[in-house]
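Undergrad: Below are the structure tokens for one structure; questions will follow.
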Amino acid sequence: MMQEKETEIVQMRTVLAEVGAYFQHLRKQLVRILLLGTVLSALALGYHFLQKPSFTAEATFILEEKSGGSGLAGLASQFGFDIAGMTGSNGIFAGDNVLDILGSRSIIEQVLLSDVQVAQNKQRRLVELFIDSEQLKQKKWQKIDGIDTLSFKGYAAGDRLRDSLLYLVYKQIGKKHLLVDRLNKKGTIIKVSATSKDEVFSKLFTERLVNATIAYYVGIKTSVAQLQLQRLEKRADSLSAILNAKTYETATQQILDANIAFKTAAVPGELTQRQKTLAYALYTEVTKNLEASRMSLAAQTPVINLLDTPKYPLEDGRTPWFILVLLAWGLVIGAGLLWTFFTYPSVKS
């Protein structure tokens, strides 16, 4: 029994001696560990400041498709109007096609050529902000003659050089800087995010891309109904003018004391009254169709609501400096503890 207790005491002393030897060795290496940690922290800070800024602007909107249903068609048919013939095909633009519009060349180039107020009484094109932030003139385009003085301010379609450069910008944005997707594969909420080194460009590009897409999409979806509505409005205005003219003409041709011996004297008034009645009947039918056309337009117009829009300041995608410093010190401390553990002089040896 006594021998077992003595053995336990010896083992405890050995453990304490090993721990003491380890910490003594760790204290000797502490200067090296601190020096290495300081060096790595400085490198981490240098890496932080060498990182290129990365500003991401995000916008989300919800798309709700509307179409003239059977109830609306039935109601319109009671007025003698075929609503199905003027609503067009709802399959031309499905929800997924909005994603394609957002990434289309025509829409992106339209946004890139929009003006930006950069100073008082000074405007630039949005594409020029992107070119400056990416330093395309100094890097990829430096061999192009006259690139230093090139401007998109007076751009017009058909300029071969500017068309080519604008296309290159479009390709680069679509490949590296623009992300368009649904938040939920089965949902109708669409997310648009643009990333660049210029905070102003990221925000304005995202906002204008979404607005241009919405305007284009709604215009295409309602173009047939809009055209039909304009035609009916023009026809209704013409018939209204004719009806007013016939009303005045009827009043002027009425004979209060007509001689019964001359029955033909009342014929012009009767003809005018007949024309007025015909114009009124036509005007009534056109008015019915006009109201049905307005109902059709309202039914076809998709509801697109913006949920979130980018706001200043945009979040910088660079890793924060304190995170890098903490990672550097964590790496040094962890590696230092392991290294001293495997290299300290054991008491047993």
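Undergrad: Once you place label points 7 Å from the Cα toward the Cβ at Gln123 and Ile333, how far apart are they in nm?
TA: Each label point lies 7 Å from its Cα, and together they span 5.7 nm.
Undergrad: Amide H neighbours of Arg182 under 5 Å, counting only residues 5+ apart in sequence or on other chains, H built in-plane at 1.01 Å?
TA: Distant-sequence amide H within range of Arg182: Lys191.
Undergrad: So which lysines pass the test for Lys153, namely a Cα distance under 29 Å, with those fewer than 8 places away in the same chain ruled out?
TA: Result set, ordered by chain and number: Lys52, Lys122, Lys137, Lys139, Lys140, Lys143, Lys171, Lys175, Lys176, Lys197, Lys203, Lys311.
Undergrad: Apply the Karplus parameterisation 6.51 cos²θ - 1.76 cosθ + 1.60, with θ equal to phi minus 60°, to every residue of region 169-182 and state each ³J(HN,Hα) to the nearest whole Hz, in sequence, with x for glycine and proline.
TA: 5, 4, 5, 5, 5, x, 8, 10, 10, 10, 10, 10, 6, 7
Undergrad: Also, I was wondering about something else. Does a label point 7 Å from the Cα of Leu26, set along Cα-to-beta-carbon, have any residues of region 313-333 with amide nitrogen under 14 Å, and which are they?
TA: The answer is 333, whose backbone nitrogens lie closer than 14 Å to the label point.
Undergrad: Can you tell me the order of 236-247, 289-300, 162-173 when each peptide is scored by its average per-residue count of other Cβ atoms within 10 angstrom, highest first?
TA: 289-300, 162-173, 236-247
Undergrad: So what is the relative contact order for region 165-244, in percent, with contacts set as C-alpha pairs under 8 Å and at least six apart?
TA: 15
Bear in mind these aren't lab numbers, they're just calculated from the coordinates by the rules spelled out. Treat the numbers as computed from the prediction; the structure is a model and nothing was measured. Glycine gets a Cβ as well: all are built from the backbone with ideal geometry, and neighbour counts include every protein chain shown.
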